[in-house]
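The values are calculated or read from the model by the stated rules, or taken from the named source; none is laboratory data. Not measured: the values here are computed from a predicted model. In this analysis, Cβ positions are derived from the backbone assuming ideal geometry, glycine residues included, and neighbour counts consider all displayed protein chains.
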């Protein structure tokens, strides 16, 4: 077991948005008719299907009940592999709607392929985080990791509420940044981030947090237990977030890539020793 970095910090200001009313029912609001279906090559898909077909509109109503069993997974299933690579359709949200995503060739600035299909740029900190990131989506209610510019970024599930998608897209902006103790606490904008700084940055992207919190403070944030779309796993020394089936974490525990700093990682086989919290309504 790899050691997790300790990153509890004192935070002077705590301003939280109260219960996020109605967020869990706001599914896939990007399509012109509000149904949330993806637009992809082929004929218009049958009602109720996800966005793997169709060209001229939505592919039907999205799942009204949210993720399977109404709870997003927080534990890697026994039949799932942490090195699994997603090979399904990926779409990009543009000004005209969802279109099939054209992968970007990874830069040749020191990118190194690692276990699990993850790549990292080790040339310099200034080139670690790509700019002008695409807002990616995948059909269904589970987020997937996609290689973009040499980094593993998350594609949000199209059935998720907009706030969940925004949190995922916001977190993508700091993927590949170095681990820095205290990073992301003085300001959301930082050269590097620690564990609670990472989670704070992501939640701030969904307008759920106005000021960064430390891991101890997150132990009483939001609602108790596992969430429908996202769950924060916190104790006095570390925090990470599982959102729509992906884990946002600075620790490489149970991650074959063995990379530190903010990364999208596979779910852990167990979360023993962590308090479960979730945003109200999510």
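Tabulated data for the structure shown
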item	result
Helices (runs of 4 or more DSSP H) within the range 144-259 that include 1 or more residues within 28 Å of residue 88 (Cβ to Cβ), under 13 Å from the mean Cα position of the chain (by Cα) and modelled with pLDDT of 95 or more	162-172, 195-205
Flag if residue 71 is crowded, with 18+ Cβ neighbours inside 10 Å, out of contact with any strand residue (DSSP E or B) (no Cβ under 7 Å at 6 or more places or on another chain), modelled with pLDDT of 75 or more and closer than 30 Å to residue 233 by Cα	no
Filter result (in a loop (DSSP other than H, G, I, E, B), modelled with pLDDT of 70 or more and surrounded by 12 or more Cβ atoms within 10 Å (Cβ to Cβ)) within the range 89-117	89, 90, 101
Any hit, the range 126-134, residues being within 19 Å of residue 264 (Cα to Cα), modelled with pLDDT of 90 or more and either in a strand (DSSP E or B) or out of contact with any strand residue (DSSP E or B) (no Cβ under 6 Å at 6 or more places or on another chain) (or both)	no
Condition broken by residue 274, with the remaining ones in (1) in contact with a strand residue (DSSP E or B) (Cβ under 6 Å, 6 or more places away or on another chain); (2) within 23 Å of residue 138 (Cα to Cα) satisfied	(2)
